[in-house]
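The structure appears right after this line, and notes come after that.
The values are calculated or read from the model by the stated rules, or taken from the named source; none is laboratory data. Not measured: the values here are computed from a predicted model. Positions of Cβ are backbone-derived with ideal geometry, glycine not excepted, and every protein chain shown enters the neighbour counts.
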């Protein structure tokens, strides 16, 4: 069984990469890597991931708690959908496998 800390670290790495791709393609590059909206979504998601009371943490879409607000949940869905397809179309299946099998 993986420790909660290593899961959070892996989740954060994947989420940051997905948000980076989404922000770059939709909002252009910002000096600090993310636009204010994408940065807000990323910080919110990372905070919720850290404070998840379930162990082991299920995929958010399969969770019975749904701790995200509806707006943030939709924003994360949009980011994951776009970035996942971005990686598939560019042959970066390694990121997609990490998303599918780790989260």
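Cβ contacts < 6 Å: first residue at negative phi and in contact (Cβ under 8 Å) with a residue 12 or more places away in the chain, restricted to segment 51-62; second residue in a loop (DSSP other than H, G, I, E, B) and surrounded by 12 or more Cβ atoms within 10 Å (Cβ to Cβ), any location; separation 6+ or different chain. Result?
59/103
Got a number for residues in segment 24-35 being surrounded by 11 or more Cβ atoms within 10 Å (Cβ to Cβ) and farther than 16 Å from residue 74 by Cβ?
8
Test of understanding: among 63, 67, which residue is at pLDDT 80 or above and surrounded by 12 or more Cβ atoms within 10 Å (Cβ to Cβ)? Walk me through how you get there before you give the answer.
Numbers: 63 fails: at pLDDT 80 or above.
Selected residue: 67, the only one of 63, 67 that is at pLDDT 80 or above and surrounded by 12 or more Cβ atoms within 10 Å (Cβ to Cβ).
What do you reckon, is residue 24 more than 13 Å from the chain's Cα centre (by Cα) and outside any loop (DSSP other than H, G, I, E, B)?
yes
Given the conditions (1) under 18 Å from residue 82 (Cα atoms); (2) modelled with pLDDT of 90 or more; (3) surrounded by 16 or more Cβ atoms within 10 Å (Cβ to Cβ), report the number of the one that residue 46 does not fulfil.
Every condition holds for residue 46 apart from (1).
With at pLDDT 70 or above and surrounded by 10 or more Cβ atoms within 10 Å (Cβ to Cβ) as the only criterion, which of 81, 92 stands out?
So the residue among 81, 92 that is at pLDDT 70 or above and surrounded by 10 or more Cβ atoms within 10 Å (Cβ to Cβ) is 81.
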